[in-house]
Amino acid sequence: MKENIDISVDFAGIQLSNPVFTASGTCGYADELADFMDINCLGGFITKSITLKPRKGNATPRIVETDSGMLNAIGLANIGLDAFIEEKLPVIEQLSVPVFVNAAGENIDEYVAVVQRLAAEKAIAGFELNISCPNVAKGGLSFGTDPAQVAEITSTVKKAVGEKVLMVKLSPAVTNIGVIARAAVDAGADALSLVNTFTAMVIDIETGRPVLANRTGGLSGPAIKPIAVHLVNKVYNEVAKDCGIPILGLGGIRTASDAIEFIIAGASAVAVGTANFIEPGCAVKIVEGIEKYCVRKEITNIKELVGSLEVK
Amino acid sequence: MNTIAEKKLNETFMAGSCSPANKRLFSAVVSVNKQIGRRFFRLELEFSAADAEVLANCQPGQFAQLDLSATALPPAEAIPENLVDVASRKILLRRPFSFADVTVKGDKTFVDILYCVVGPASLRMTTVSAGDSVSVIGPLGNGFCVPEGKSITLLVSGGMGAGPLLYLAKVLTADYPQLEVIAFAGAKTASQLPFEARLDEISQQLGFSLGEFAKYGVESIVATDDGSAGFAGLVTNCLTEWLDRHTLAAKDMIIYSCGPEAMLARVAEIAEERKLDCQLSMERMMACGIGLCQSCAVECKATDSSETTYKLCCKDGPVFNSREVTFSL
């Protein structure tokens with residue numbers, strides 16, 4: 001790091017060496033990206049969604065590429081809490097990067113069960129509450145679209161996290177994301193992450209059927225970036241700015257320039273998702289690019305950039 | 001080449017599983033991108049001395065992910081009519097390709113990929129030319145294994161599935177001189193056989209032999225659905241006829257197969273009926289190829305229950321034991 005540039009971030013009380021995370025579901029459980037980068041060079045790491053019981057996930061095809069994006073309908077396939085604790089936690093314990101566990105479930109009790117079991121683990125910095133997965137029949141997105149349900153799940157899980165940070169991951173598939181963000185913050189969310197993927201469909205015109213076995217999937221990648229930047233800016237202005245709640249901005253980031261847009265819009269940190277699939281290790285390059293930008297723009301502390309959007 | 005090949009499958013054999021070399025991101029240089037027949041191409045990539053060792057140790061059945069997003073489209077007149085609409089689509093994700101050959105020449109390693117034009121990415125792939133750089137992630141997945149006590153190996157391919165079996169034929173003949181290797185190459189029609197060379201002069205009973213296999217001393221038997229070359233009918237029917245004609249002990253044989261899913265399902269059935277060992281190289285749509293995205297699920301029988309489970313084509317495969325895969329066709 002350049003001596004006179006500070007890109008470290010205080011993220012709801014957690015000290016991050018830089019503002020770049022890898023996003024849940026795109027970077028494995030722990031060290032899967034280690035062949036391509038030093039994971040400890042990240043600002044933060046978010047695990048794949050963990051549910052109380054293992055989940056097989058959806059039938060295939062689970063993905064399809066679209067113009068500048070992709071749809072996925074994995075269906076929260078994961079090894080389940082017990083296997084996560086047994087197999088992956090020891091690996092996480094070896095990492096120095098702050099690790100957030102993305103928690104998911106079919107009902108509030110399942111979210112609480114996941115969080116409660118992990119809340120005492122020193123290696124876990126916090127939790128990302130997944131109330132915005134579009135690809136499961138129960139839970140997921142259904143918790144994230146109604147302010148009353150958002151408040152209920154957030155306040156209930158908040159009681160189980162103890163001293164850990166609770167970040168709530170928001171869906172873009174709502175009429176007014178500001179209302180949802182407000183509900184989460186008022187119910188005790190320490191941070192917000194946005195956005196999850198957009199529910200979308202691709203049709204095979206030869207068969208007349210949807211390409212994905214799940215019919216719909218979540219759209220991610222560069223195609224959603226301008227919408228995500230707008231939504232981050234909206235939540236920053238309407239909710240986060242005044243109450244000092246940090247935003248983790250994500251949606252189509254693959255370069256430092258993309259990340260900086262989110263930071264200017266109001267994100268304290270950013271997460272790289274789909275881009276990990278194409279260039280696994282690009283997150284570290286994004287950290288370097290943010291530093292270079294700060295040098296070029298004579299920004300001594302990245303905080304100056306957060307929410308610095310100039311509007312005439 | 002022999003020593004490398006030997007190390008490769010012997011290590012596999014010793015370990016009892018096919019532990020892959022460390023995967024990495026490489027920049028490779030295109031040395032050849034040549035059209036074979038009307039629909040097929042052979043891409044040869046050259047890796048620098050610094051990268052050569054990792055690639056030289058990769059196994060038949062492993063694959064690489066190529067980034068073709070920055071590759072130009074061919075001129076409009078070279079775009080097949082059925083691809084005109086999709087040609088305009090931007091490419092985001094990498095595309096997986098099995099190794100059709102790996103050769104070491106001096107301190108350089110050359111990797112061959114066989115491909116055919118099926119969509120916007122492979123269409124763009126046709127325009128890369130010698131000297132161009134291509135970003136490659138590999139080697140990925142687990143390759144074919146050779147169980148103890150086999151004396152006859154049958155390679156069964158459908159269409160483009162011949163790629164990884166060509167590389168396997170090379171390594172098997174180099175490493176296991178005691179093995180008899182016979183290749184069954186199937187396609188819908190003669191023009192859809194992804195081969196360059198026909199060696200009719202050394203042909204076997206069916207009067208059509210493939211130079212690509214013959215150069216490793218491997219006999220090839222061609223089958224086309226329409227009878228335009230070799231056996232008239234499905235390659236799986238050709239295989240069963242061959243098995244009926246040859247009275248061989250099941251325990252001495254193993255089938256290695258790669259091709260369309262319906263063909264693999266039938267090969268698995270034949271193996272099951274005749275109690276033959278069989279390994280299948282599967283294909284799935286995949287985003288990352290390194291186990292992150294969980295897209296490329298292959299439904300498999302669970303070991304501890306009657307339920308099925310999903311394994312990942314990229315990480316647990318692409319080569320699977322035919323007994324573990326559940327086909328739903």
Has region B:174-184 got at least one residue that is among the aromatic types (Phe, Trp, Tyr) and touching a Gly at 6+ places or on another chain (Cβ under 9 Å)?
no
In region B:303-324, which residue that is under 16 Å from A:Ala59 (Cβ atoms) and more than 18 Å from the chain's Cα centre (by Cα) is surrounded by the most Cβ atoms within 10 Å (Cβ to Cβ)?
B:Tyr310
Strands (runs of 3 or more DSSP E) wholly inside region B:52-121 containing at least 3 residues that are away from chain A (no Cβ under 14 Å) and surrounded by 24 or more Cβ atoms within 10 Å (Cβ to Cβ):
B:108-116
Tell me whether region B:177-194 contains one or more residues that are at pLDDT 85 or above, buried (at least 24 other Cβ atoms within 10 Å of the Cβ) and in contact with a Lys or Arg (Cβ under 7 Å, 6 or more places away or on another chain).
no
State yes or no: is A:Ala189 crowded, with 24+ Cβ neighbours inside 10 Å and of a type in the set (Gly, Ala, Ser)?
yes
Going through region B:127-153 one residue at a time, which ones are over 13 Å from B:Leu66 (Cβ atoms), part of a loop (DSSP other than H, G, I, E, B) and not aliphatic (A, V, I, L, M)?
B:Thr127, B:Ser129, B:Gly131, B:Gly141, B:Gly143, B:Phe144, B:Cys145, B:Pro147, B:Glu148, B:Gly149, B:Lys150, B:Ser151
Could you list all residues from region A:144-155 that are modelled with pLDDT under 95 and not aliphatic (A, V, I, L, M)?
A:Gly144, A:Thr145, A:Asp146, A:Pro147, A:Gln149, A:Glu152
If we scan region B:95-116, do we find a residue that is without any contact (Cβ under 8 Å) to a residue 60 or more places away in the chain, of a type in the set (Asp, Glu) and closer than 24 Å to A:Met70 by Cα?
no
Of all residues in region A:100-117, count the ones that are touching a residue at least 60 places away in the same chain (Cβ under 8 Å) and in contact with a strand residue (DSSP E or B) (Cβ under 8 Å, 6 or more places away or on another chain).
3
One residue from A:Ala267, A:Ala259, A:Ala240 being closer than 18 Å to A:Leu16 by Cβ, within 20 Å of the chain's Cα centre (by Cα) and either among the polar types (S, T, N, Q) or assigned to a loop (DSSP other than H, G, I, E, B) (or both):
A:Ala267
So, A:Leu194, is that one closer than 28 Å to B:Ile290 by Cα, hydrophobic (A, V, I, L, M, F, W, C), away from chain B (no Cβ under 14 Å) and touching a helix residue (DSSP H, G or I) at 6+ places or on another chain (Cβ under 7 Å) or not?
yes
Take B:Phe47 and tell me if it is aromatic (Phe, Trp, Tyr), touching a residue at least 24 places away in the same chain (Cβ under 8 Å), over 15 Å from B:Met160 (Cβ atoms) and not assigned by TED's automatic domain parsing to the domain that holds B:Leu166.
yes
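Conditions tested, residue by residue: (1) part of a loop (DSSP other than H, G, I, E, B); (2) away from every other protein chain (no Cβ under 14 Å); (3) polar (S, T, N, Q); (4) touching a residue at least 60 places away in the same chain (Cβ under 8 Å).
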site	(1), (2), (3), (4)
A:Ile224	no, no, no, yes
A:Ile227	no, yes, no, no
A:Lys234	no, yes, no, no
A:Ile245	yes, yes, no, yes
A:Gly289	no, yes, no, no
A:Cys294	no, yes, no, yes
A:Glu310	yes, yes, no, no
Hey, any hits in region A:63-71 for a residue that's within 12 Å of chain B (Cβ to nearest Cβ), crowded, with 20+ Cβ neighbours inside 10 Å, in a loop (DSSP other than H, G, I, E, B) and not acidic (Asp, Glu)?
no
Given the criteria crowded, with 22+ Cβ neighbours inside 10 Å, facing chain B (nearest Cβ under 9 Å) and among the small types (Gly, Ala, Ser), does A:Gly25 qualify?
yes
From B:Cys296, B:Cys258, B:Cys278, residue being within 11 Å of chain A (Cβ to nearest Cβ) and either surrounded by fewer than 20 Cβ atoms within 10 Å (Cβ to Cβ) or in contact with a strand residue (DSSP E or B) (Cβ under 8 Å, 6 or more places away or on another chain) (or both):
B:Cys296
Hey, among A:Asp35, A:Asp109, A:Asp82, which residue is under 29 Å from B:Val136 (Cβ atoms) and either within 14 Å of chain B (Cβ to nearest Cβ) or surrounded by fewer than 24 Cβ atoms within 10 Å (Cβ to Cβ) (or both)?
A:Asp35
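The values are calculated or read from the model by the stated rules, or taken from the named source; none is laboratory data. It should be emphasised that the depicted structure is a prediction, and the values quoted were computed from it without experimental measurement. Quick reminder, even Gly has a Cβ in these numbers, built from the backbone with ideal geometry, and neighbours come from all protein chains shown.
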